[in-house]
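One structure below.
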Amino acid sequence: QVQLVESGGGLVQPGGSLRLACAAPGSIFSISIMGWYRMAPGKQRELVADITSGGTTNYADSVKGRFTISRDNAKNTVYLQMNSLKPEDTAAYYCNARRNYVYAYWGQGTQVTVSS
């Protein structure tokens with residue numbers, strides 16, 4: 001069983017920042033597209049951002065310019081830096097490691113709440 005270990009969620013005021021981290025086994029991390037998804041109550045899970053092993057990034061329109069995804073290949077960790085947070089960013093955030101048509105692994109989720 002592949003474990004993705006997430007950290008960094010919490011409660012933050014609107015306009016604030018949080019950084020999420022997700023550690024994966026090295027054998028998986030190095031060959032996977034790493035991504036962050038989120039699911040808010042009553043909504044479908046959506047892709048927030050992902051990054052290939054070569055560093056190519058992709059963002060949802062709703063987070064462009066505010067969120068930054070990065071990966072540290074030496075630490076087998078992917079990060080999501082979230083700035084200028086809005087109440088609508090409130091959701092459970094899930095780390096994902098995938099190789100298209102081969103596998104997709106998920107973390108346990110970390111809650112992000114943006115509220116005053």
Task: Extreme residue, positive dipole direction of the stretch 52-109, given options N73, G109, S62 (C-beta unit charges) - done: N73
- [ ] Count the DSSP beta bridges whose two residues both fall in the chain, then state the antiparallel fraction as a percent rounded to the nearest 5.
- [x] 90
- [ ] Let me see the pair-distance distribution of the chain: every alpha carbon pair, 5 Å bin width, integer percents in order.
- [x] 2, 13, 24, 26, 19, 10, 5, 1, 0
- [ ] Enumerate the calculated ³J(HN,Hα) couplings along the stretch 9-18 in order (Karplus 6.51 cos²θ - 1.76 cosθ + 1.60, θ = phi - 60°), each rounded to whole Hz, writing x wherever the residue is Gly or Pro.
- [x] x, x, 9, 9, 7, x, x, x, 10, 9
Open item on the list: Counting heavy atoms of the protein chains only and a 1.4 Å probe, report the per residue accessible area for the chain as a whole number of Å².
Closed with: 53
TODO: Quote the charge dipole size of the stretch 45-116 about the Cα centre in Debye, to the nearest 20; the model charges only the Cβ of Lys and Arg (+1) and of Asp and Glu (-1).
DONE: 180
TODO: Would you give the gap between the C-alpha center of the stretch 69-113 and the C-alpha center of the stretch 44-65, rounded to a whole Å?
DONE: 9
Task: Calculated from backbone phi, Karplus (6.51, -1.76, 1.60) coupling profile of the stretch 82-99 in Hz, x at Gly/Pro - done: 10, 10, 6, 5, 10, x, 6, 7, 4, 4, 8, 9, 10, 7, 9, 10, 9, 10
Task: Candidate lysines - alpha carbon under 29 Å from K43, same-chain residues fewer than 8 apart omitted - done: K64, K86
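The values are calculated or read from the model by the stated rules, or taken from the named source; none is laboratory data. This one's a predicted model, so the numbers in the text were calculated from it and none came from an experiment. Note that we place each Cβ from the backbone using ideal geometry, even for glycine, and neighbour counts take in every protein chain shown. The protein model used for the area step is the full one, side chains on, heavy atoms only, and it has no ligands, DNA or RNA in it. Shrake-Rupley method; radii C 1.70, N 1.55, O 1.52, S 1.80 Å.
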